[in-house]
Structures are given as C-alpha cells and as structure tokens.
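Here the structure comes first, spelled out in structure tokens, and everything after it is commentary.
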Amino acid sequence: MFSIGHHRILSVLSRSGPQSRTDLARILDLSKASVTALVRELIERRILDERERVFGFGRPSVMLGLRQDAASFIGISLQADPACAVLTDPHGRVHAQLTFPLVNDVEASLAAMSCAVKRIIDMATPDIGAIAGIGIVIAGIVSSDSQTCLASATLGWKDVEIGSRLKAMTNLPVFVENDANALIVGEQLFGNSGDLQDFSLVFVSEGIGGAHIINGRLHRGRHGGAGEMSHSPIAIDGVALPCRCGNTGCLETLAALPAILGAARRAGLPDDIAGIVQMATDGHPEALTILHRAGTALGVALSQVIQFVDPARIVVRLDPNLVESVFARALRQAVEAHVLRRDSYHTELLLSSLLPLDFATGAASLAAQHFLFGNANL
Ligand SMILES: [Zn+2]
C-alpha cells in the first residue's frame, strides 16, 4: 500500500509530531525533492494534511501532520475477563469501546471477537477513518509472525491460529501480541516515549510483564518471550514462596497483586489494594511491611533490567493506588541500592497508572504500527 519512503515519513510524524518538509528531509537523510514527492502522494491519499506555518529564518515552513481520519484501528484485549474492544484513531484516541465476556473455547472466542468487531464498527462516527486493521492482546506467548498464540495459561490455549482465523472472518489484517509487548508498542506509538530508541515497560497486575524497545524496535526474543518477568527468581530476606509455575521464589509471589492481597488476607487486613494502601498511609505496620516487601522485590527485578538492558527509561504501570504509595518508594529505594552508581547517566523510572482500557489500546497500536510503519527498517 505504501512504499518504504512513505512509511519512514509516517513513522517520524507519528512519533515526533508535525514536521516541515525541510525537517523531514534532514531527519530521514532524503533530498527535499524526494520528500516533496512522497508528501504530495500522502496528502492526495488523505493521510497527511498541511498545518500552520512556522516563521523562522528564510521562508516560512508549512508543518505536516498525520490526519485524525487517515485510518482507524480496532484493539481487542483478551488479557482479562471481561474482554474489551476499542476503536482508535492514528493518535491513539479512543472513539468507541465495549466489553464482552472472556471465553476459553476457541470457536466461541472467535465468534465473540467477530461480533465485537461488527458492533464497534457500527458505533464509529462518520469523522473516523477507514478501519485498517485489528490487534489482539493475550496473556501468553505469541509466534513471531503475530498470528498464533503458542501458549496462554489464562485462556488454556496452545498453538491456536487466532490471527489468520479472525482475518478470514473480518477481511481485515489481524496482529496478535502478548500483553506487555502490546503495552510498550502503545507507549511508543500513542504515549510519551516515542522519541526514545531504548526503553522498557513493566506492568503489575495478576502477573508481572515486561517488554523492551531496543534501537527503536520491539525486542521479542527468539521465541517471543523476551521481557517475561513474573517467574524471575527474586528472594527477599531469604524468603522463597511456592509459585503456581511449580518453582519457588518467583517475582510474582512477592510483587503481583494476588501476592499482595494474599499477604494482606493472612494478616487480617482488607482484601483490596486501596484499603491496604490507606492502612499503610495511616502507619499500620503490617500493611507497611507487605507493600514495602512487594515494592522492594519489584525494585530488585528492575535493577537487573537496568544492568542487563540499560534503557533510557522504564515505564512502570501499576494499580492507581500504588503509584504514590510506600510500594513505589520502596521500589525506587531498591533500584537506587542495587544499580551501580553512574554519574553521567541514569535510567528514568516513570510510574503511572495501569488503566482498564490500556491493553485494548495497546492492541489497536499493533494495527496502527503496521499501517504506519509496514515492514520498513526504520
Ligand atoms: Zn513462577
């Protein structure tokens, strides 16, 4: 559909915002004439439009931007129950959303997704662009061609060709990814980290997921499992608890939400994160200990990520109640204590809320990434 030249221009505009033709030529190391020709084609195809003029030295520059109605994308999250679907524009703004029950049966799941796609297309307003693709997010491992769920404990799936099946049902391109990978692509494309060539993302929910952008590209690893952190061995104070995976001392037995809630239950504390955080804020020693231990465990794991990968930033997505809590302070202290002191540079830790639609929006970003970047080696 687009040439590599088109994709390179679209990648710069989606990650860095509006640019002039002169800036695009400089950034992409192309001649001004080439950029002018490529831009003309993208304007004629209603992908780009001309924005305000910027006055500087010499002639004023016309800024070029990605049109909101250039295309739209459907994201489906099968990461948790209920499943949800969103419709976004190329800037990641959500224009429609719905939820539906998560089912494990493959045929029933395909039927539910196909129905959700039809419903969300019906909900689209006329100002939205044509739908260019669908992204699906699962908790599990996905093949390198983003079509097959190799394994998902949540769904009980093994070698399920979910992408090609849904493509046949909807006539739209479909891209499947695991939850952490989709979140980091969403952060790169729709979030505030698109200008970084090297950054990581970690999220804490039922488990703990991680993903890395290295040299501007998602690092999937040989089998699609790069960044997986839930079952990294982390023992704090010599405590190694049994994990659902059969090992002991896994990170999720200390820092994932079920671990925090389980420890709180055993101590007779409230069975919800907001309640535990409130008790810790009020100085309750058991609540403080539980959150401190969990935050420390995640901080130790993040210090290993920093030592191994050296990202410019780690985005940590958490339950909103944890973002400013003793959990967060313990996490930062553990990173401080375990990362080799480096005077000239450091890894930024950006803690923010994991919101209910984030996985579905991340799923939509997979389709947006393919539409905007194609397979161009950017
Ligand atoms: Zn484990």
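Here is how the numbers come out for the structure above:
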{"quantity": "Distance between region 111-147 and region 40-102 - C-alpha centres, whole angstrom", "calculated": "15 Å"}
{"quantity": "Alpha carbon centroid spacing (whole Å) that separates region 224-274 from region 345-376", "calculated": "26 Å"}
{"quantity": "Environment charge at VAL54 (Cβ cut-off 14 Å; Lys +1, Arg +1, Asp -1, Glu -1)", "calculated": "+1"}
{"quantity": "Gyration tensor verdict on region 297-378 (Cα atoms; rounded if a/c is under 1.5, prolate if a/b is larger than b/c, oblate otherwise)", "calculated": "oblate"}
{"quantity": "17 Å Cα-Cα reach of LYS167 towards aspartates and glutamates, excluding residues that sit fewer than 8 places from it in its own chain", "calculated": "GLU107, ASP145, ASP159, GLU177"}
{"quantity": "In nm, spacing of pseudo-spin labels at ARG265 and ALA337 (7 Å Cα→C-beta vector)", "calculated": "2.9 nm"}
{"quantity": "GNM result for the chain, Cα springs below 10 Å: residue of SER77, SER152, SER31 fluctuating most strongly", "calculated": "SER31"}
{"quantity": "Region 186-295: trypsin sites (Lys or Arg not before Pro) in DSSP coil with no more than 13 other Cβ atoms inside 10 Å", "calculated": "ARG222, ARG244"}
{"quantity": "Whether region 1-125 is rounded, prolate or oblate, judged on the alpha carbon gyration tensor where a/c under 1.5 counts as rounded", "calculated": "prolate"}
{"quantity": "Spacing of the two label points (7 Å from each Cα toward its C-beta) at GLU324 and HIS219, in nm", "calculated": "3.4 nm"}
{"quantity": "FRET efficiency for ARG51 and ALA168, using Cβ-Cβ distance with R0 set to 45 Å, rounded to 0.05", "calculated": "0.70"}
{"quantity": "10 Å Cβ shell holding at most 10 others, DSSP loop, chymotrypsin sites (Phe, Trp or Tyr not before Pro): longest site-free stretch of the chain", "calculated": "58-344"}
{"quantity": "Charged-residue dipole, Cβ positions (Lys, Arg, Asp, Glu), region 282-378 about Cα centre, Debye nearest 20", "calculated": "220 debye"}
{"quantity": "Within the chain, helix-based [θ] at 222 nm, where runs of 4 or more DSSP H residues each add -39,500 (n - 2.57), nearest 500", "calculated": "-12500 deg cm²/dmol"}
{"quantity": "Max mean-square fluctuation residue, GNM over the chain, Cα-Cα springs under 10 Å, options ASP89, ASP29, ASP271", "calculated": "ASP29"}
{"quantity": "Radius 9 Å from Cβ of ARG313, net charge of other residues (Lys, Arg +1; Asp, Glu -1)", "calculated": "-2"}
{"quantity": "Separation of the PHE308 and THR248 label points, Cα + 7 Å toward Cβ, nm", "calculated": "2.3 nm"}
{"quantity": "Options ALA235, ASN215, SER200, ranked by Cα towards positive dipole end of region 164-246, top entry (Cβ charges)", "calculated": "ASN215"}
{"quantity": "Net charge dipole size for region 204-340 [Lys, Arg +1 and Asp, Glu -1 on Cβ; Debye, nearest 20]", "calculated": "460 debye"}
{"quantity": "Top of LEU42, LEU355, LEU251 by mean-square fluctuation, Gaussian network on the chain, Cα under 10 Å", "calculated": "LEU355"}
{"quantity": "Size of charge dipole - the chain - debye, nearest 20, with Cβ of Lys, Arg +1 and Asp, Glu -1, no other charges", "calculated": "940 debye"}
{"quantity": "Degrees separating the helix 32-44 axis from the principal Cα axis of the chain, which is the longest one", "calculated": "80 degrees"}
{"quantity": "Helix 4-16 axis, angle to the chain major axis (alpha carbon atoms, nearest 10°)", "calculated": "50 degrees"}
{"quantity": "Degrees separating the helix 106-123 axis from the principal Cα axis of the chain, which is the longest one", "calculated": "50 degrees"}
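Values quoted throughout were computed directly from the atomic coordinates according to the rules given, and no laboratory measurement underlies them. No experiment lies behind these values; they were computed from the predicted model shown. Cβ sites come from the backbone with ideal geometry, for glycine too, and all protein chains shown count toward neighbours.
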